[in-house]
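*Asks:* A single structure is presented below for examination.
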Amino acid sequence: MKTNVGVVFGGRSVENEISVITANQAIMAMDKEKYNIIPIYITKEGKWYSGNALLDVQNYRDTKKLLSMCEEVYMRPIYNDTNLYRVRKKLFNSEVLAKLDVVLPALHGTNCEDGTFQGIMEFCGIPYTGCNTLASANGMDKITMKMILKECGIPVIDYCWFSDKEWDDKKDTAISNVESHLGYPVIVKPANSGSSVGIRAAHNREELIEAVEYAISFTSRIIIEKYVQRLKEVNCAVLGNYYECEASVCEVPMRSGEILSYQDKYMGGGSKQSQGMRSTVREIPAILPEATTTFIQKSACDTFRALDCDGVARIDFIIDEATGEIFVNEINTIPGSLSFYLWEYSGINFGTLIDKLIEIAFRRKQDASFKAVNYGDNIFAANTSGGSKGGAKMGGKFGSKSGR
């Protein structure tokens, strides 16, 4: 029997369209003899739809017309209910559109890649590919990610951070901290956005204020990093899980300005239509000294393990060509195009990569089934004494210290 794979994409994210491209590429690569594919598109308003019309990227030029050709669907937050339900049940049709065996999230950005969707899958008990809720959340937030990596001895660029409310209430203090700790120039980023959205360079105080105000329009947490003026960006993907993983070949993406922009990533090479990360102009495999490649591949795997990742992720590095220092810049827990282009150079085609991701998802679900989810007896059914009617003594946080 075929495995029913729900491919979920779109979402309430500024990367909605890029997600559509990633999903389309993944679906095209999947072995149709092995898998029955159920496309599930989440609109920018948060509604879920399914239907074959979702499989044609050209249909997304008119979203209203596209959705009229699809069925609105939903899932119930009940553990082990892996059904995809119709919102509007038609006469003589089952309310169940499909039973999902596994889910492949092809989601990018805030509200999608940050553990939000992964938590829903955990709650429903459905195996899913990619990083778990914790790894997704930590990987998406650049501040938390850098804190963890720094604690693990993995090199990251100097940074400082603050919230939008701190910026509103203590702007002068925040600016002073940036100038004294980092100096200019700096890179200003929303802490939890991807695809270079909301990022700007700042060379003075005026540009810093403008860049922060722009970043705040996307998120509540801002990270400011020291700008490496002679930098080379290098990316490396990792495949596996937290205890066994392998690194791909490295790539050097080409940028047109000070930073690798959204346009560089998705509209590069003069293409009339974006093909996701495939559109990026890149040097692959990267022409680097062997020792540098080895260090980056090892650091990529160390990052993957430190953040408790699963599936495939892409770790982006910065080389300071003035000093030779190498830093982890960020991790993409659901990378654009699932980084299939890196694995092709490593001898793994896109179809095989999907097979491996699904295998890892099932293995994680099986491993989790051996862990305890309840502890001992029902404390409410235990015999109690010495308490008044309706007033059983309880230990722990709400009672005696010896009750833990």
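*Asks:* So which of 91, 84 is aliphatic (A, V, I, L, M), out of contact with any helix residue (DSSP H, G or I) (no Cβ under 9 Å at 6 or more places or on another chain) and at pLDDT below 95?
*Replies:* 91 is the lone residue from the list that is aliphatic (A, V, I, L, M), out of contact with any helix residue (DSSP H, G or I) (no Cβ under 9 Å at 6 or more places or on another chain) and at pLDDT below 95.
*Asks:* May I pose another question? In the range 282-330, how many are hydrophobic (A, V, I, L, M, F, W, C), surrounded by 20 or more Cβ atoms within 10 Å (Cβ to Cβ) and within 15 Å of residue 227 (Cα to Cα)?
*Replies:* 5
*Asks:* Of the residues that sit in the range 371-383 and are surrounded by fewer than 12 Cβ atoms within 10 Å (Cβ to Cβ) and farther than 30 Å from residue 103 by Cβ, which one is modelled with the lowest pLDDT?
*Replies:* Within the range 371-383, the match that is modelled with the lowest pLDDT is 383.
*Asks:* Of the numbered conditions (1) in a helix (DSSP H, G or I); (2) surrounded by 21 or more Cβ atoms within 10 Å (Cβ to Cβ); (3) not acidic (Asp, Glu), residue 119 fails exactly one; give the number of that condition.
*Replies:* (2)
*Asks:* Got a number for residues in the range 333-370 being crowded, with 18+ Cβ neighbours inside 10 Å, farther than 11 Å from residue 29 by Cβ and polar (S, T, N, Q)?
*Replies:* 2
*Asks:* Further question on the same structure: Given the conditions (1) free of Cβ contacts under 8 Å to residues at least 24 places away in the same chain; (2) surrounded by 18 or more Cβ atoms within 10 Å (Cβ to Cβ), report the number of the one that residue 87 does not fulfil.
*Replies:* For residue 87, the exception is condition (2).
Quick grid of which residues meet (1) in the same structural domain as residue 358 (by TED's automatic domain parsing); (2) closer than 28 Å to residue 209 by Cα:
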| residue | (1), (2) |
| --- | --- |
| 102 | no, no |
| 116 | no, no |
| 146 | yes, yes |
| 150 | yes, yes |
| 171 | no, yes |
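*Asks:* For the range 337-346, give me each residue that is touching a helix residue (DSSP H, G or I) at 6+ places or on another chain (Cβ under 6 Å) and at negative phi.
*Replies:* If the condition is that a residue be touching a helix residue (DSSP H, G or I) at 6+ places or on another chain (Cβ under 6 Å) and at negative phi, then 340, 343 are the ones that fit.
*Asks:* If you take the residues in the range 228-254 that are at pLDDT below 95 and among the hydroxyl-bearing types (Ser, Thr, Tyr), which one is surrounded by the most Cβ atoms within 10 Å (Cβ to Cβ)?
*Replies:* 242
The values are calculated or read from the model by the stated rules, or taken from the named source; none is laboratory data. Note that this is a predicted model, so its numbers are computed, not measured. Cβ atoms come from the backbone with ideal geometry, glycine included; neighbour counts cover every protein chain shown.
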